[in-house]
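Just so it is clear, none of the values below were taken in a lab; they were calculated from the coordinates. The structure displayed is predicted, hence computed values, not measured ones. Reconstructed Cβ throughout: ideal geometry from the backbone, glycine too, with neighbour counts over all protein chains shown.
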Amino acid sequence: MNTDDRLNSKMLWNGAETYLEAARILFEHERKVSRTYMRTSSHPAYFLACQAIELALKAYLRGSGKTEDFLAKKCNHNLITALQAANEHGLTNLLKLEPREFSALELANKHYSAKVLQFALEGYYEYPPMEILLRIAEELIAKTEAFCLKNVELHNGKSSAVFGLRSARRK
């Protein structure tokens with residue numbers, strides 16, 4: 001069975017939306033329970049936000065016709081590599097990050113791609129403001145939804161893909 005046929009842009013987009021919602025919930029919870037709210041959120045909250053960004057970028061790339069192999073091997077879990085590839089395929093027509101946002105994404109990517117956020121490796125790490133990462137994820141998801149839905153069958157020109165579970169954002 002050819003697995004390159006089973007992942008479409010809408011499935012990835014759905015995952016991005018779900019991870020973003022989890023990141024928002026955890027971030028808001030941490031803000032409420034922390035007596036001395038700090039700019040740095042927990043590793044899980046950062047991980048969830050970065051995962052949402054990764055999936056949104058890969059959803060866009062899949063809708064642009066990129067293969068699962070490209071997503072896994074070329075982009076891997078590198079947010080900047082995925083963003084650059086998406087920009088080469090027209091993402092900048094939908095969304096262009098401001099310099100401060102790009103810098104925040106670069107900083108988060110250093111930790112995310114090295115699995116620091118996933119495994120909470122010891123050491124001192126500088127983190128970007130969580131609000132910026134959430135805003136990037138929100139904008140990516142909002143601005144790529146129509147594209148991902150429109151191109152759900154374009155992922156490799158195959159019509160046998162499993163379709164996403166939702167076709168509209170939850171409010």
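Please give the net charge around residue 106, taking every other residue with its beta carbon less than 15 angstrom from that of residue 106, where Lys and Arg add +1 and Asp and Glu add -1.
Numbers: positive: 100, 110; negative: 54, 98, 101, 126.
Overall, the nearby charge balance is -2.
When the C-alpha to C-alpha distance is required to be over 32 Å, the pairs from 32/73; 73/150; 32/66; 74/96 that qualify are 32/73; 32/66.
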